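The structure appears right after this line, and notes come after that.
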Amino acid sequence: MTDFDDKLLDILSKALLIEREEIKDDLKRKDFEPWDSMAHLVIVSEIENEFEIFFEDEEVVDIWSVEDIKNLLKQKLAS
């Protein structure tokens, strides 16, 4: 596991109050009740702080799964 994955799993685990092992790429907001609007904002804020990036509003509303987060984050870190 990379440092990137490790940090992201920590953020998601704390914000969603689940074990790291339970977090899979196909975990989706609409299918997971604890991932409400407040948890979503916490996730975005923590990712921005940890990785020193900024998400545009449009990007934030387009995040619907863990896979979406990973793809967007990789894109941000590559640019």
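Just so you know, all these numbers are worked out from the coordinates, no wet-lab data involved. The structure presented is a predicted model; accordingly, all values stated were derived computationally and were not measured. All Cβ positions, even for glycine, are placed from backbone atoms using ideal geometry, and neighbour counts span all protein chains on display.
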The residues L41, L12, sorted from fewest to most surrounding Cβ atoms within 10 Å, come out as L41, L12
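Most exposed first by the Cβ proxy, i.e. fewest other Cβ within 10 Å, how do W64, W35 rank?
In increasing order of surrounding Cβ atoms, one gets W64, W35.
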In whole Å, largest first, the alpha carbons of the stretch 30-79 cover along the principal axes 33, 18, 17
Subtracting the Cα-Cα distance of D62 and D31 from 0.36 nm times their residue separation yields 9.6 nm
Sequence order, the stretch 38-47: Karplus ³J(HN,Hα) from phi using 6.51 cos²θ - 1.76 cosθ + 1.60, θ = phi - 60°, Hz rounded, Gly and Pro as x, gives 5, 4, 4, 5, 5, 4, 4, 4, 5, 5
Check: C-alpha center the stretch 1-49 vs C-alpha center the stretch 61-79, spacing in Å is 12
The chain, Gaussian network, Cα under 10 Å: of I47, I69, I18, the residue fluctuating most is I18
Once the in-chain neighbours fewer than 8 apart are removed, the aspartates and glutamates whose Cα is under 17 Å from K24 read D3, D5, D6, D10, E33, E67, D68
Fewest to most Cβ atoms within 10 Å: V42, V61, V66 sort as V61, V42, V66
Looking only at lysines whose Cα falls under 19 Å of K30's and that sit 8 or more positions away or on another chain, we get K14, K70
Per GNM of the chain with C-alpha springs under 10 angstrom, the most fluctuating residue out of E19, E46, E56 is E56
